[in-house]
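Before any comments, here is the structure.
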Amino acid sequence: MLLLVVIVTGSCKKYLDLKSNAKLVTPHTLADIQGILDDGELLNLKTTPSMNESSADDFFLLPATFNSLPVSFQAIYRWQPNDTRFPNDWSLGYQAVFNANLSLDLLENVERNSANNMQWDNIKGSALFYRAFHTLNLTMQYAKVYNEATADADLGIVLRLSSDFNVPSVRSSVRNCYQKVISDLRAALELLPVYPVHLMRPSKGAVNALLARTYLFMGKYQEAKFYSDEALKINSTLMDYNGDAFIGALTAAIPFKKLNPETIFYAEMGQIQVLHTATRGRIDTTLYADYANADLRKTGFFNLVSGYPQYKGSYTGATSVFFTGLATDELFLIRAECNAYLGELTAALSDVNTLLKNRWNRSVVFVPVLGTNREDVLSKIRLERRKELLMRGLRWIDLKRYNREGANIVISRKINNQLITLPPNSSYFALPIPSDIIEESGIAQN
Amino acid sequence: MGNLNFSTHEKKWDILLASSAILILLFSFMGTYAQPAIPLVVKGNIVFSDVKVQATLSTKLNGRANSDENGKFSLPITKLPDTLIVTAIGYRTERLAIITGKEEFNVELIMDVFELKSVEINTGYQTLKPNEINGSVSVISSDKLNARGGSNILDRLLGQTSGLLMNIGKSESNVMNKTGLSIRGAGTFNGPLDPLIVLDGFIYEGDIDNINPNDIEGVYILKDAAAASIWGARAGNGVIVLTSKKGKFNQKTEITFSASQLIASLPDLYAVPQMSSADFIEFERDMFSRGYYNDRINSTPYLALSPAVELLLKQRRGLVSAVQMEDGLSQLKEIDSRKSYLDEFYTHALTAQYSLGIRGGGENYSYLLSGSFDKLKGGTKSSSKKMNINLSQSLNITKKLSLNTKIYFTNLNSRSGGPTYNSINVGGRLLPYLFFRDADGNPSVIQTSYRSEYTDTVAIGKFLNWKYYPAEEYKHSGTAVSSQEIFANANLVYKIFDFLNVSAAYQYQFQYSKNELYSDENSYAARNLINTFSEINRITKVVTRAVPLGGISNQSVNDLNSYTLRGQLNLDKTFAKHRINAIVGIEMRELRSKSNGNTRYGYYPDPLSYTDADYVNAYRNFLSGSQQKIPSGISLSDTRSRFLSKYANLAYTFLDKYTASVSLREDGSNIFGASTNDRFKPLWSAGLGWLLSGEEFYKLAWLPKLRLKASFGYSGNIDLSRTALSVGVYSTNDLSSLPITRISGINNPSLRWEQLSQLSIGTEFEFKGARLTGSISYFQKRGKDLYGPAPYDYTSWGGSNVLVRNVADMASKGIEADVHSLNFISGQFKWSTDAYFNFNNSKTVRYYTSSSSSLFSLVGNGNSITPVIGKPLYAIAAYKWAGLDAAGNPMGYLNGMPSIDYLAISKEGSTTGNNIVYLGSASPLYYGSMINNFHWKQFGLSFNLSYRIGYYARREALSYSSLMDFGKGNSDYALRWQKPGDEQITNVPSFVYPVNTARDGFYANSEVNVIKADNIRLDYINLSYKFDLKFKSMALRNVEIYTGIQNLGVIWKATKLDVDPDYLNTIKPVKNFLFGIRGAF
C-alpha cells in the first residue's frame, strides 16, 4: 500500500501537468503573440468609434424613424449629454489597445535573434500600429481638436501603455495623445514590411497613411503631405468605377467588394449605438445634390428610397457595416488638401482630378475641378473629400479641424419641426465619455 | 518553488498513511485480547405484533443467536452488564439491558412502518451505521422514489426529503448549473451550483436522464460539510449518492417486473397573459399610421411584415378596398395563437416505462440482471426511446478475496418535435394571431424573415420555393440524438483480517452521443439557405447555386470518457468498548470530453450521398448583397480534466454512545495556467455525536432515543477559468484565415479559492413505541472570498465591464426538520405522516462596495444571485409607486415627491435609493412538504402537499417598447389608461409615442408588479392496491397496482391574482396521470 502511495504521489505532478483543453495556450511564443494581433474581430472588424458619425451632419433621420427610436438614441441625435454604458466605442477601442499592450509585454520575454527577427519585428511593429490606430480613433471622438496653443491644457484620452489592469486611468493632454500616436507610428515604420500578408495586418504603407491622417488632423500640412506621398509611393491604385474586378453593378445593393485594391489597411466601424446606418439614416440631400450626374458615385454610393438617398457605397461588402480603414482615395485627398493649403495648387488639383477621373462616367466628357485662388481650391478639395469619404468616421474630426481654422460651420438638425444647432465652439465636439467609466475611474467628463 | 512545496505535500501524506498503518496494526493486537468468560445464558420469548418472522438476537459483546419458530431464544453471554439487541427484518430494533444475566426477556417487536430505518448509510466511499455519522444525511428509500412517476431520478427526490430545493425560474450562468436543485441553499455566487451526483460510489458525469429510476435502490443526500467533505472540492453544494439495486447472498431467485404509463394533460397556454388579437391589430394599425413600419416597407431586402400590416399596406397602395381590409382585419382578430399552437403542435405527452429483473444469490455469488425500456412522447410530438441494462454481480473468490462488478448500459434515441408556444416569429415579432392552416386545412405560410411578396418575385420564379410552412417544417427538419453509455465498475476487496481490508476499485464511463440536425430538401431551412446563396443571370435566366441542392445535415459527435482508479484501506473494528471505522485512500480521476462537428450539403440519407460545398470563398447573399461564406459547421474540441485526491475518514465510537469523526481530503487538478500551489486544496471536517439516551442518568421513558450531533468543516471552490496567467484560445479568423489567439479574459493573479465552512448541529429522536421519529438540525454556512463580478474601469481591457474578484462573503443559517409520525392505527387501518420543514436564509455579509445604493441592484426580477449586504442572495426591490398621473404616466418618487422624470428617478435610485422599496427574498425562506399515507387492508392512499413561503416574484409587465419592437404583448394592454379618470381604476400606463424605454423600465420595476409568491400546492395523490397472494399457490409473491395524479397545482396562494406564483412568466407544469403495476415472483 505504502509503495503504491509513493509511486502514485511521485508521478502525480506529471499527472496533473496535462493540458485541460487542447485549444488553450498561455501565450508566450511568437506565433501565440502574432495570433493575439491577428484577432481581427477585436482589432479590425466592427471596432472603431461610431458615435462621432452618428453625431455628424452627413445624414439625417426622417421624423417617423426618429420617433421610433428609444429616448437614449434620440439624445445622441439631439447632441445632448447621454448616459452611455458598457459596451460602447470606449470598450471596443480599449479592448484593441489591450491586445496591443499585451503583445508588447509578452514580446519582452522573447529574445530577438537572427532566426526570428522578421517575425519579431512584425509583431512589435503591428502592436505599435494597432495601439496608435485605436488611440487616434478614440482621441478624435473623445477629445477636443488638436490646437497648438492649448494642446497641453486640453484633456485628451487615457493613454494605456501596459496590459496591467491595476494601473489607474488618467487623462493625458491632447498633445501627449497625438505625440504618443506619432512616436508609436514612427517606431512601427522601421519594423513593418512594405506589404502585409493580409490587409487586416499593418504594413509600412498603412503606417505612412496613418501618419498622414494624424498630421492632417493636427493641422501639420507639411508632414501630412510628406507621409501621404510616402504612402502613395507604395500603393497609388485607384479603382475605375467604370469597371473593375472588385466592383459589381453600381446599381446593385452592394456594389463594392471588401479588400479591394484601394484598401491599404482594413478596419470597420463599430455598431453598438448607430443612428446613421442605411436602414435609419438618409444622406443629407444637399450633399447628394453636389454629385454631378456623370459622377458614378451618385449611383454607386446611393440608393434612392422614396426620394431620399440611402448610403450603400462602403468598401466592406455590406450595407450596414462601414469601412474605416486606410485607402488610397483618402491619401490622394490628403495630399491634395495639403498642397492646396500650402499653395501648391497645380499639384493639388492634379491629385483631386486623378481621383475624380476614376469616378467619372467614361462616356461623358470629364469636368475637372479648377481654380486659381487658394481658398477656393481648398474648399473645393474639402468638398470632394466629404463626397468621397462619407461614412468613414472622418466627418466629425473634419468639422472640428475646419472650425479650428475658422470655418465657422454650424451644423443643424430639424426634429419635429424644431431646428437644433450645434455651434462650432461647442464643448460637445468632445463627445461624452461613458458614464460607467466616469464612475469607476473618476476621470473628468467632457 | 512549486516543486519544493509539492514535495512537502507528499511527505505529509506519506507520514499520515504510514502512521495510519501502524495504528491499524496496533488495533489488531488489542483486538486479540480475550475477555474473561462468564458462563451465563439469557433466555426469552419474542412476541410479534403481526406475523411471525425469525428474529436475530445479539449482544453488544459478540453474542449471537436466532429465535426459533415460536419466538423462543437463548443466548450465551460472556460479560456483565451487556445489552441485548433484537432485530428482525421489518421490525424496529429493541435494545434491553442485561444486568444480572438471569432475567427472562419478553420482547415485543413492533412493525417498522416507516422503513426510514435504513440500517446503513452509504457515502459512496464507505457504508456507515447511523450512529457513526455526525453529519447530516437524508435517506430516500426506493419506495419513496416511486411516489412520483417519470423518467428522471432527480424529479423523484422532490418533496421526499428535507434540505433539497428546486429553484424555479432562476437563471444563473454559473458553470455546472444543470440540475436546478440546491441542497441547503447556495454557497457561492458564481461558482458551480449543482450538487455532485454519485452513482455506486463514483462521480457520475453522464446525462442524468440516462439513469433509470427503476434501477435505483436508495438515495443518500449528504448535506453538510462533514458528510460531503469526503467528496472534496466539488462537494461544496452537497452530494446526491445513488445506489443501484443489487443481488444479495443467500437469496432465493426473484423475478421483478414493473410497467407504468404516465399521461400528461395539455399545457395551460391560456394562463399565459397574451394580448388579445383585436388589441394587437389595432395597435399595429396605430403604428402603421404613424409610419413606424415605413423603413421596413421601403428598405431592401424587404423584411417580413405581419398579416395585418400587409393588409394595411395593400389598402394604402390601393390594392384592396377599405372594406376588404376591414374584413380581413376582423377575420385576423378572431384568431388566437394559443389555440393555433395547441391544435397544430401540442399533444398529451406519454411516458411508458417497463422493467424486468432477476436477482438471486448463493453462498458465494449473487447477481442482479435487469432491463428497462422507457418510451416517451413529448408534449410537442418529440419522441424518445431509452433502454437500460443493469448487471451487477458479487463473488467471493476465496474467503479473503471478493469481487463486485457492475455494468450499466444505456441506449437512448430521441427526435425533436414541433415548435413550442411563441417560438415562431414574423420578422422578429411575436403575434397573438398566428395560424398554421388555412380554412381548407392546408398548411399556411408564415413570413418569418422576408416578405413573401419579395422572395417570390425577386428571382423571377427561378429559385426554389421560398415559403415557410410551420405546420410542415418540423416534419422535414429536426434534431435526432442517439446516445450510448456504459458505466462500469469493479471493486476487488481483500480481507487482511476480519476487521481490515484493502480494496482496489476501477470505474470506467463512456458516453457517446451523436446529434444530427437534418433538414431535408423540402424543408424551409434547406431551401432558404440554398436560395440565399444562389445567383441568377438576368439575361440567360440561368441559376447558379453555391450551396448544392438537397438536404443539409449538421452533425456533431461528442464522447465523454472518464475513469477513476481508487485504492482504499478499510478498517472496521470493535473491541471492548471501542469501535473504529476508518478509511484511507488515494484516487486518480480523468474526464475527457471530445467533440467534433461538420455540415454536409446536398445530403440524402437514402441513397447516402452528399456534395462538397466551397467553405473557402465568400459568396454574395442574394438578399442582403453582403459577401458571406457557406457555414461549414466544423467544430472540434478536446478537454481533459484530471484530479488526484487523497483522503482519510475516521469514525470512533465509544460505548456505542460517543462518536467522534474526522475526515480529511486533498484535491489536485490540472487547472490550466495555474501554478502548482493553486492546484491543491486541503479540506477537512470533524464531528461529534452523543447518544444521550444511552446514558444511565437518562430517564425519559417517553423518548427512548435521543442523539445529539455536531459537525464542522470546510469545502472550497475555484473557478477553473480564472488562472494566474492570461490564457488564450486558438482559432482562426474567418476573413484572413490566419490563426488567432483569443484572450478570453484578463488574468487576475490575486484571485483566491472560495472557502465555504459549515457548522451543523442536530438531534435525532424517537418517541416511545416509535410513534414519532425524526430529526432536527440547525446549520450555519459561511462563504468567504466568494467570486463576484465587480464593475471596474474597463479602459484597461474593454472585453468586459466587470472583473471577477474575491468580492463577497455570505452567511446562511437554516433549520431542517423531518418528522415521521404514526398517527393512527387500528386493525387494518393505518394513517401515517411524513413532514419536512426547511428554513433557509442566505445573506450577503460583505461586498466590495457599499457606496452606491445597493438596493438599486435588487430592482429586477430576482432571478439571479445579486449580492447586497444584509439581503438574501435572491431578492427583489422595486421602485415606490405613486400611481398614474392624470395623463396615465406611471409615477415614482423623486426627492419624496411624485415624479415622471424617469431618468432622474433611476438616478436617485442608484445614488440614495430613497425611492426604492425593499420587498424581500425571491427564493422561499420556508419550504417543505407533508405526505399523508393511509393504509386500509391492501389499499394505500397518499398525497403530498408542498409549500413554499416567504418570498416574492415579479410579473412581467406591459412594455410598449417590447410590444412595438418584438411584439411582446400582455393582456394588461386592455386595462391600460385610455382616458382621464382611468388612473383611478388602473395601474397600467397609457400608450405614448414615441415610446419611452425609461418609462417602460420604471413601470416594469415598480412595486405594483411584484407579488407575494407564497403558495401551497398539491404535488401528488397516489392510490395503490397490494394483492394478498399469501395463501394462493401461485408463484407470485406480491403484486401491486397503483395510480396517481401529479402536479395538481396551487391550492392556496397569498396573492389574489389568478396566477401560479412560481410560473408567472412561463407555462406552468402539466398535470400527469400515472398508472402502473409492479410485482415479484
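Per-residue answers, yes or no, for (1) closer than 15 Å to A:L390 by Cβ; (2) touching a Leu at 6+ places or on another chain (Cβ under 6 Å); (3) not aromatic (F, W, Y):
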site: A:G300; (1), (2), (3): yes, yes, yes
site: A:L304; (1), (2), (3): no, no, yes
site: A:Q310; (1), (2), (3): yes, no, yes
site: A:L333; (1), (2), (3): yes, no, yes
site: A:A340; (1), (2), (3): no, yes, yes
site: A:E344; (1), (2), (3): no, no, yes
site: A:L349; (1), (2), (3): no, no, yes
Residues of the stretch B:610-627 being surrounded by fewer than 18 Cβ atoms within 10 Å (Cβ to Cβ), touching a residue at least 40 places away in the same chain (Cβ under 8 Å) and within 14 Å of chain A (Cβ to nearest Cβ), which ones? B:N621, B:S624
Under the condition of being assigned to a loop (DSSP other than H, G, I, E, B) and among the hydrophobic types (A, V, I, L, M, F, W, C), which residue from the stretch A:264-283 is nearest to A:A318 (Cα to Cα)? A:A278
Within the stretch B:820-832, identify whether any single residue is surrounded by 16 or more Cβ atoms within 10 Å (Cβ to Cβ), touching a helix residue (DSSP H, G or I) at 6+ places or on another chain (Cβ under 9 Å), within 30 Å of B:L158 (Cα to Cα) and among the aliphatic types (A, V, I, L, M), and answer yes or no. yes
Mind listing whichever residues of the stretch B:363-378 are polar (S, T, N, Q) and surrounded by 20 or more Cβ atoms within 10 Å (Cβ to Cβ)? B:S366, B:S370, B:S372
Mind counting the residues in the stretch A:164-194 that are surrounded by 15 or more Cβ atoms within 10 Å (Cβ to Cβ), touching a residue at least 24 places away in the same chain (Cβ under 8 Å) and either in a loop (DSSP other than H, G, I, E, B) or within 13 Å of chain B (Cβ to nearest Cβ) (or both)? 4
Look at A:G40 and say whether it is facing chain B (nearest Cβ under 9 Å), closer than 25 Å to B:N670 by Cα and modelled with pLDDT of 75 or more. no
Counting only residues in the stretch A:45-67 that are facing another protein chain (nearest Cβ under 8 Å) and part of a loop (DSSP other than H, G, I, E, B), the one nearest to A:T285 (Cα to Cα) is identified as A:L62
What are the residues in the stretch B:732-769 that are more than 9 Å from chain A (Cβ to nearest Cβ), more than 30 Å from B:S669 (Cβ to Cβ) and either among the acidic types (D, E) or under 34 Å from the mean Cα position of the chain (by Cα) (or both), if any? B:I761, B:G762, B:T763, B:E764, B:F765, B:E766
So, restricting to helices (runs of 4 or more DSSP H) that lie completely within the stretch B:451-537, which ones have at least 2 residues that are surrounded by 19 or more Cβ atoms within 10 Å (Cβ to Cβ) and touching a residue at least 12 places away in the same chain (Cβ under 8 Å)? B:470-476, B:524-532
Collect the residues in the stretch A:314-331 that are touching a helix residue (DSSP H, G or I) at 6+ places or on another chain (Cβ under 6 Å) and surrounded by 24 or more Cβ atoms within 10 Å (Cβ to Cβ), keeping them in residue-number order. A:L326, A:L331
Residue match in the stretch B:303-321 (condition: under 21 Å from A:N303 (Cα atoms), of a type in the set (G, A, S) and within 14 Å of chain A (Cβ to nearest Cβ)): no
Residue hits (the stretch A:390-446; among the acidic types (D, E), away from every other protein chain (no Cβ under 14 Å) and surrounded by fewer than 19 Cβ atoms within 10 Å (Cβ to Cβ)) are A:E405
Picking from A:L106, A:L136, A:L102, the residue that is more than 14 Å from chain B (Cβ to nearest Cβ), assigned to a helix (DSSP H, G or I) and touching a helix residue (DSSP H, G or I) at 6+ places or on another chain (Cβ under 8 Å) would be A:L136
Could you give every pair whose Cβ atoms fall below 8 Å, whose first residue belongs to the stretch A:16-34 and is under 24 Å from A:F129 (Cβ atoms) and within 7 Å of another protein chain (Cβ to nearest Cβ), and whose second residue is of a type in the set (G, A, S) and surrounded by 18 or more Cβ atoms within 10 Å (Cβ to Cβ), counting only separations of at least 6 or pairs across chains? A:V25/B:G728; A:P27/A:G35; A:P27/B:S726; A:P27/B:G728; A:D32/B:G728
Which number in (1) crowded, with 20+ Cβ neighbours inside 10 Å; (2) within 14 Å of another protein chain (Cβ to nearest Cβ) marks the one condition that B:R600 misses? (2)
In the set B:S355, B:S289, B:S370, the lone residue that is within 14 Å of chain A (Cβ to nearest Cβ) and of a type in the set (S, T, N, Q) is B:S289
Near pairs, Cβ below 8 angstrom, 6+ apart or cross-chain, from the stretch B:998-1010 (more than 14 Å from B:A877 (Cβ to Cβ)) to any residue that is assigned to a helix (DSSP H, G or I) and of a type in the set (A, V, I, L, M): B:A998/A:V71; B:A998/B:L903
Among the residues of the stretch B:164-192, count how many are modelled with pLDDT of 85 or more and touching an Asp or Glu at 6+ places or on another chain (Cβ under 8 Å). 2
Check on B:D279, charged (D, E, K, R), surrounded by fewer than 20 Cβ atoms within 10 Å (Cβ to Cβ) and under 18 Å from B:L154 (Cβ atoms): no
Within the stretch A:355-386, residues being β-branched (V, I, T) and under 24 Å from the mean Cα position of the chain (by Cα) number 1
Strands (runs of 3 or more DSSP E) lying entirely in the stretch B:589-670 (those with 2 or more residues that are among the small types (G, A, S) and touching a helix residue (DSSP H, G or I) at 6+ places or on another chain (Cβ under 7 Å)): B:635-654, B:658-669
Please enumerate the residues belonging to the stretch B:556-595 that are surrounded by fewer than 20 Cβ atoms within 10 Å (Cβ to Cβ), within 30 Å of B:S637 (Cα to Cα) and within 12 Å of chain A (Cβ to nearest Cβ). B:L565, B:M588, B:E590, B:L591, B:R592, B:S593, B:K594, B:S595
On the basis of being within 14 Å of chain B (Cβ to nearest Cβ), surrounded by fewer than 17 Cβ atoms within 10 Å (Cβ to Cβ) and closer than 29 Å to B:N298 by Cα, does A:S306 make the cut? yes
Just for helices (runs of 4 or more DSSP H) wholly inside the stretch B:267-371: which have at least 2 residues that are within 41 Å of the chain's Cα centre (by Cα)? B:277-289, B:337-344
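Residues are listed down the side, and each one gets a yes or a no for (1) buried (at least 16 other Cβ atoms within 10 Å of the Cβ); (2) touching a strand residue (DSSP E or B) at 6+ places or on another chain (Cβ under 9 Å); (3) part of a loop (DSSP other than H, G, I, E, B):
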| position | (1), (2), (3) |
| --- | --- |
| B:V988 | yes, yes, yes |
| B:F991 | yes, no, yes |
| B:P994 | yes, no, yes |
| B:Y1003 | yes, yes, no |
| B:L1018 | yes, yes, no |
| B:G1044 | yes, yes, no |
| B:D1058 | no, no, yes |
| B:K1068 | yes, yes, yes |
| B:F1075 | no, yes, no |
So, in the stretch B:721-731, of the ones that are at pLDDT below 75 and surrounded by fewer than 18 Cβ atoms within 10 Å (Cβ to Cβ), which residue ends up nearest to the other protein chains (Cβ to nearest Cβ)? B:L725
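The values are calculated or read from the model by the stated rules, or taken from the named source; none is laboratory data. This one's a predicted model, so the numbers in the text were calculated from it and none came from an experiment. Cβ sites come from the backbone with ideal geometry, for glycine too, and all protein chains shown count toward neighbours.
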